[in-house]
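Enquirer: Take a look at the following structure, please.
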Amino acid sequence: MGMKKQSFIRGTFILTLSSFFTRGLGFVNGILLARFLGAEGVGLLMIAHPLLPLFITLTELGLPVAISKLVSEADARQDEKRIKRILAVSLTITGTLSVILTLAALLGSKWIASLILADQRAYYAMVAITPIIPIIAMSAVLKGYFRGKQNMNPLALSDIIENLAQIIVIIGVVKVLLPYGIAYAAAGAMAASVVGEGIGLMYLFSVFKWAHRENVKEKRLTVPSVSPKTKDRTLRDLLRIGLPMTGSGLIHSIYHAFLPLLVTRSLVLFGVGTEMATKQFGLLAGYAIPLLFLPSFFTQSLSTALIPAISEASVDNDSRLMHSRMDMAMRTALIAGLPCTILLYLWAEPLTTVIYHAPEAGVLLKLLAPLFFLHYFEAPLRAILLGLGRASTVMWNHIMTNIFEMSMIFVLGSNLGIEGVAMGYGLGILLLTVLNFFSVAKTIGFYFDFRIVLKAGAGAIFMTISSLAAHRFLLRMDLGQAIALTGALTVALIAYAATMQLTRALRGGPKTPTITPVS
């Protein structure tokens with residue numbers, strides 16, 4: 001299928017670059033929504049799609065990860081017929097399930113809203129987002145295919161196109177609907193997501209069809225010569241990896257479906273009214289958490305490329321390559337995660353004040369930032385496990401984490417308010433990272449050059465001092481808080497990057513592991 005395979009490093013770089021733009025566009029999108037809808041409207045958006053992740057999980061059946069792994073293995077063996085079978089079976093399953101579940105969601109929307117929506121004003125937004133289910137499901141299959149072929153260009157461009165389209169539609173639609181009430185404006189914002197996702201799918205499909213026509217004469221995706229036994233084997237291989245991912249996603253989706261209700265109920269028990277609880281949930285889920293996720297595009301991009309790369313190395317039984325890629329992932333997580341964590345903690349309230357005009361969200365951001373540092377490691381560790389075919393381990397780790405996190409959010413939220421909810425969320429990240437770390441260590445051992453910690457630490461200290469000094473200087477010049485904050489962050493990042501360059505921290509670790517493995 002005429003796809004040019006990229007190296008692991010190049011694929012990671014392309015995804016990181018595109019993620020930088022898409023996170024930036026997503027952030028602009030978040031700012032627009034915050035300005036148009038306010039904390040209450042953003043809270044409605046967060047409440048509006050409680051069952052959406054659940055339906056998407058049931059539609060995908062964990063197939064995107066399975067497709068990525070199996071296509072990567074088939075590509076290493078140059079088995080194009082196997083790749084076609086994987087795609088044919090996957091598209092059939094997801095296409096059928098997505099139509100059934102979308103119709104069920106639309107027909108049962110009133111009942112679903114009365115059962116689980118913490119605020120009934122979110123009903124229209126919930127209905128508006130439902131048509132996105134089949135679009136995301138079909139996109140996920142094509143993205144899994146491109147990941148397996150280790151060609152990250154279509155993924156990168158589709159994400160950028162999708163976000164641009166969403167922002168353009170939001171600017172037009174939300175302004176038009178806002179005079180009719182915040183519930184309708186929130187529904188318009190959700191409809192913009194559907195349009196953006198649809199345009200992204202159209203681009204992915206056009207790239208796929210173009211590549212397909214390059215080397216394959218027949219335009220239909222089906223392969224008539226495949227025997228039922230072969231198709232059964234393809235389905236079995238897909239479900240062997242996909243079903244544990246579905247189990248993990250199912251528990252996670254059910255948890256997130258009831259999370260708004262859990263949070264608002266715990267806050268009501270603490271003594272907060274329903275409207276205020278919705279607003280506080282909006283501050284946490286719509287303001288603080290997106291800021292925390294914004295810098296993680298480094299490790300998310302790395303994780304996307306890591307699954308097929310680890311899978312390919314695993315097929316070849318190349319232990320040295322596996323550990324080399326693992327070392328790069330952990331090194332990147334530390335070097336990228338440490339400065340982001342410190343800056344988000346240090347400038348939490350100025351950031352939420354300048355960006356959202358919501359200094360109260362800064363308290364939650366400052367509380368979460370230290371624990372969220374572990375998230376930068378959790379994503380690559382999960383990708384390594386998936387690349388090794390340990391999908392069931394990932395599932396059980398997620399299940400245990402969700403049970404623990406749910407308990408902590410309810411207990412701490414009902415006793416400490418929204419700060420307790422934030423602490424419960426952070427403790428869940430801590431547990432998941434620890435579980436994934438020990439799972440990787442038990443499977444293949446864990447190699448890491450701890451000298452990088454000293455180098456990153458030195459850079460963090462120099463960065464902090466430079467940032468504080470720059471901020472103080474710019475404030476004395478009376479240039480305004482926004483310019484002072486931007487200047488301080490810019491100086492901090494330059495100081496950190498310079499330290500990393502001087503200490504050669506960005507250079508890869510040894511080709512042959514010399515560090516004692518944890519096992």
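Enquirer: How much solvent-accessible surface does Trp210 expose, in Å² to the nearest 10, with a 1.4 Å probe and all protein chains in place?
Expert: Solvent-accessible area, nearest 10 Å²: 140 Å².
Enquirer: Determine the order of Phe438, Phe258, Phe373 by accessible area, beginning with the largest, at a probe radius of 1.4 Å.
Expert: Ranking Phe438, Phe258, Phe373 by accessible area, largest first, yields Phe438, Phe258, Phe373.
Enquirer: Next question, about the same structure. What percent do you get for the relative contact order of the chain when only Cα pairs under 8 Å and 6+ apart count?
Expert: 19 percent
Enquirer: Additional query: Along the stretch 310-315, what does the Karplus equation 6.51 cos²θ - 1.76 cosθ + 1.60 (θ = phi - 60°) give for ³J(HN,Hα), rounded to whole Hz, x for Gly and Pro?
Expert: Computed from phi, the couplings for the stretch 310-315 are 5, 4, 4, 5, 5, 4 Hz.
Enquirer: Another question, then. Protein chains only, probe 1.4 Å: how do Met152, Met395 rank by accessible area, largest first?
Expert: The most accessible residue leads, giving Met395, Met152.
Enquirer: A further question follows. Whole-Hz ³J(HN,Hα) for each residue in the stretch 405-417, computed from phi via Karplus 6.51 cos²θ - 1.76 cosθ + 1.60 with θ = phi - 60°, x for glycine and proline: what do you get?
Expert: Working through the residues one at a time gives 5, 4, 5, 5, 4, 5, 5, 6, x, 6, 9, 10, x Hz.
Enquirer: Rounded, prolate or oblate: which fits the stretch 44-114, taking a ≥ b ≥ c as square roots of the Cα gyration tensor eigenvalues, rounded meaning a/c under 1.5, else prolate when a/b beats b/c?
Expert: prolate
Enquirer: Turning to a different aspect of this structure: To the nearest 10 Å², what's Lys81's accessible area with a 1.4 Å probe?
Expert: Approximately 130 Å² of Lys81 is accessible to the 1.4 Å probe.
Enquirer: Moving to a separate point now. Taking the full set of protein chains and a 1.4 angstrom probe, give the accessible area of Leu489 in square angstrom, rounded to the nearest 10.
Expert: 40 Å²
Enquirer: Still on this structure: Set the bar at 21 Å for Cα to Cα. Now go through Lys175/Lys366; Lys81/Lys143; Lys84/Lys143; Lys366/Lys455 and name every pair that lies beyond it.
Expert: Correct reply: Lys175/Lys366; Lys366/Lys455.
Enquirer: Would you mind telling me the share, in percent, of accessible area of the chain contributed by carbon and sulfur at probe 1.4 angstrom?
Expert: On the chain, the fraction of accessible area on carbon and sulfur atoms equals 67 percent.
Enquirer: If packing is taken as the mean number of other Cβ atoms within 10 Å per residue, what is the order of 246-252, 283-289, 317-323, highest first?
Expert: 283-289, 246-252, 317-323
Enquirer: Let me ask something else about it. Classify the stretch 399-510 from the C-alpha gyration tensor, please: rounded if a/c falls under 1.5, else prolate or oblate depending on whether a/b exceeds b/c.
Expert: Here the stretch 399-510 falls in the oblate category.
Enquirer: Quick one: give the max-minus-min coordinate of the C-alpha atoms of the stretch 228-365 along each principal axis, largest first, in Å.
Expert: 59, 38, 21
Enquirer: Okay, moving on. Size of the dipole of the stretch 28-86 about the Cα centre, Lys and Arg at +1 and Asp and Glu at -1 on the beta carbon, nothing else charged, in debye to 20?
Expert: 220 debye
Enquirer: If you don't mind, another one. Order Arg147, Arg233, most accessible first, counting only protein heavy atoms with a 1.4 angstrom probe.
Expert: Arg233, Arg147
Enquirer: Let a ≥ b ≥ c be the square roots of the eigenvalues of the Cα gyration tensor of the chain; is it rounded (a/c under 1.5), or, if not, prolate (a/b larger than b/c) or oblate?
Expert: Judged from the Cα gyration tensor, the chain comes out oblate (a/c at least 1.5, b/c at or above a/b).
Enquirer: Using the heavy atoms of the protein chains and a 1.4 angstrom probe, tell me the accessible area per residue for the chain in square angstrom.
Expert: That works out to 43 Å² per residue.
Enquirer: Report the local net charge at Thr304: Lys and Arg +1, Asp and Glu -1, summed over other residues whose C-beta lies under 12 Å from its C-beta.
Expert: Taking every Cβ under 12 Å from that of Thr304, the sum is +2.
The values are calculated or read from the model by the stated rules, or taken from the named source; none is laboratory data. Not measured: the values here are computed from a predicted model. Don't worry about glycine lacking a Cβ; one is built from the backbone with ideal geometry, like all the others, and counts go over all protein chains shown. What goes into the accessible areas is simple: the full protein's heavy atoms, side chains included, and nothing from ligands, DNA or RNA. Shrake-Rupley method; radii C 1.70, N 1.55, O 1.52, S 1.80 Å.
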